[in-house]
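Report on one structure; see the data block that follows.
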Amino acid sequence: MSWHASIPAEEVHAKGAVGVEVDGLRLGLYALDGEIFCNGNICTHAFAILTDGHVVDGCIECPLHQGLFDIRSGKAMGPPVARDIPTYAVKVEDGIVWIDTE
Ligand code: FES
(Lines give C-alpha, C1' and ligand atoms only; values in the text may rest on other atoms or scores of the structure.)
Protein backbone atom coordinates (compact mmCIF):
# COMPACT_ATOMS: atom_id res chain seq x y z
CA MET A 1 0.00 0.00 0.00
CA SER A 2 1.20 3.46 -0.83
CA TRP A 3 -1.43 6.07 -0.01
CA HIS A 4 -1.04 9.63 -1.26
CA ALA A 5 -3.23 12.67 -0.59
CA SER A 6 -4.62 14.38 -3.67
CA ILE A 7 -7.44 16.94 -3.85
CA PRO A 8 -10.66 17.65 -1.94
CA ALA A 9 -13.44 15.16 -2.67
CA GLU A 10 -15.76 18.14 -3.07
CA GLU A 11 -13.78 19.22 -6.15
CA VAL A 12 -14.17 15.79 -7.77
CA HIS A 13 -17.90 15.76 -7.09
CA ALA A 14 -18.25 19.30 -8.48
CA LYS A 15 -16.31 18.66 -11.71
CA GLY A 16 -17.13 14.98 -12.32
CA ALA A 17 -13.70 14.28 -13.86
CA VAL A 18 -10.39 15.77 -12.73
CA GLY A 19 -6.81 15.03 -13.71
CA VAL A 20 -4.20 14.95 -10.93
CA GLU A 21 -0.54 14.07 -10.67
CA VAL A 22 0.29 11.90 -7.69
CA ASP A 23 3.46 9.93 -6.92
CA GLY A 24 4.73 10.75 -10.44
CA LEU A 25 1.61 9.28 -12.06
CA ARG A 26 -0.97 11.07 -14.19
CA LEU A 27 -4.30 9.95 -12.79
CA GLY A 28 -7.95 10.67 -13.41
CA LEU A 29 -10.45 11.04 -10.56
CA TYR A 30 -14.13 10.59 -11.34
CA ALA A 31 -17.35 11.01 -9.36
CA LEU A 32 -20.01 8.47 -10.29
CA ASP A 33 -23.20 7.89 -8.32
CA GLY A 34 -21.71 9.55 -5.23
CA GLU A 35 -18.54 7.44 -5.30
CA ILE A 36 -15.02 8.40 -6.37
CA PHE A 37 -12.90 6.27 -8.72
CA CYS A 38 -9.30 6.61 -9.88
CA ASN A 39 -7.69 5.42 -13.12
CA GLY A 40 -4.60 6.05 -15.19
CA ASN A 41 -5.20 9.24 -17.14
CA ILE A 42 -3.28 8.41 -20.33
CA CYS A 43 -5.17 6.66 -23.11
CA THR A 44 -3.68 3.26 -24.05
CA HIS A 45 -4.32 3.86 -27.78
CA ALA A 46 -2.14 6.93 -28.37
CA PHE A 47 -1.26 9.88 -26.18
CA ALA A 48 -4.29 11.69 -24.85
CA ILE A 49 -5.36 12.87 -21.42
CA LEU A 50 -8.60 11.07 -20.73
CA THR A 51 -10.04 13.61 -18.29
CA ASP A 52 -10.02 16.11 -21.20
CA GLY A 53 -12.79 13.93 -22.66
CA HIS A 54 -16.39 13.39 -21.63
CA VAL A 55 -18.07 11.02 -19.19
CA VAL A 56 -20.69 8.93 -21.01
CA ASP A 57 -22.77 6.25 -19.24
CA GLY A 58 -20.11 5.39 -16.67
CA CYS A 59 -17.29 5.51 -19.23
CA ILE A 60 -14.67 8.12 -20.03
CA GLU A 61 -14.51 8.93 -23.72
CA CYS A 62 -11.02 9.71 -25.01
CA PRO A 63 -10.89 13.21 -26.54
CA LEU A 64 -8.66 12.11 -29.43
CA HIS A 65 -10.39 9.13 -31.12
CA GLN A 66 -13.38 8.63 -28.82
CA GLY A 67 -12.24 5.29 -27.35
CA LEU A 68 -14.24 4.36 -24.24
CA PHE A 69 -13.01 3.02 -20.89
CA ASP A 70 -15.27 1.86 -18.08
CA ILE A 71 -14.51 4.21 -15.18
CA ARG A 72 -15.20 1.59 -12.46
CA SER A 73 -13.09 -1.22 -13.96
CA GLY A 74 -10.69 0.56 -16.35
CA LYS A 75 -11.81 -1.86 -19.06
CA ALA A 76 -11.29 -0.85 -22.68
CA MET A 77 -14.75 -1.06 -24.22
CA GLY A 78 -13.79 -1.72 -27.84
CA PRO A 79 -11.98 -0.31 -30.87
CA PRO A 80 -9.95 1.77 -31.19
CA VAL A 81 -8.93 0.99 -27.59
CA ALA A 82 -7.83 -2.56 -26.74
CA ARG A 83 -5.75 -2.26 -23.56
CA ASP A 84 -7.36 -1.44 -20.22
CA ILE A 85 -6.23 1.51 -18.12
CA PRO A 86 -4.98 0.80 -14.59
CA THR A 87 -7.29 1.43 -11.66
CA TYR A 88 -6.32 2.58 -8.18
CA ALA A 89 -8.00 2.29 -4.81
CA VAL A 90 -9.26 5.52 -3.26
CA LYS A 91 -10.47 6.56 0.15
CA VAL A 92 -11.71 9.87 1.50
CA GLU A 93 -10.40 11.11 4.84
CA ASP A 94 -11.26 14.53 6.27
CA GLY A 95 -12.64 15.51 2.88
CA ILE A 96 -9.43 14.70 0.98
CA VAL A 97 -9.16 11.97 -1.65
CA TRP A 98 -6.31 9.54 -0.96
CA ILE A 99 -5.03 7.27 -3.72
CA ASP A 100 -3.17 3.98 -3.30
CA THR A 101 -0.63 4.03 -6.14
CA GLU A 102 0.54 0.42 -5.66
FE1 FES B 1 -7.47 7.62 -27.10
FE2 FES B 1 -6.93 7.18 -29.66
S3 FES B 1 -5.74 8.26 -28.21
S4 FES B 1 -8.71 6.60 -28.54
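Nonpolar atom fraction for the stretch 1-45, defined as the carbon and sulfur part of the 1.4 Å probe accessible area, stands at 46 percent.
Determine Rg/Rh for the stretch 19-59; Rg is computed over alpha-carbon atoms and Rh is the Kirkwood hydrodynamic estimate from the same atoms.
My calculation puts Rg/Rh at 0.97.
Per the Debye formula with a single identical scatterer at each Cα and no solvent contribution, what log10 I(q)/I(0) holds for the chain at q = 0.16, 0.24 Å⁻¹? The calculated log intensity ratios at q = 0.16, 0.24 Å⁻¹ are -0.59, -1.28. In the context of the full set of protein chains, the chain has a per residue accessible area of 54 Å² (1.4 Å probe).
Once the C-beta distance of R72 and S2 is scaled by a Förster radius of 30 Å, the resulting FRET efficiency is 0.90 to the nearest 0.05.
Once both labels are positioned 7 Å from their Cα atoms along Cα-to-Cβ, the gap between H65 and T101 label points is 2.9 nm.
Positive-end ranking of V56, V92, M77 along the dipole of the stretch 49-92, with charges on Cβ about the Cα centre, is headed by V92.
Once both labels are positioned 7 Å from their Cα atoms along Cα-to-Cβ, the gap between K91 and R26 label points is 2.9 nm. In the context of the full protein assembly, D52 retains an accessible surface of approximately 110 Å², using a probe radius of 1.4 Å and ignoring ligands and nucleic acids.
When only alpha carbons are used to place a centre, the stretch 60-92 and the stretch 1-27 end up 16 Å from one another.
The values are calculated or read from the model by the stated rules, or taken from the named source; none is laboratory data. Since we're looking at a predicted model, the values are computed, not measured. Note: ideal-geometry Cβ built from the backbone for every residue, glycine included; neighbour counts use all protein chains shown. When the accessible area is computed, the model is the full protein with side chains, heavy atoms only, and any ligands, DNA or RNA have been set aside. Shrake-Rupley method; radii C 1.70, N 1.55, O 1.52, S 1.80 Å.
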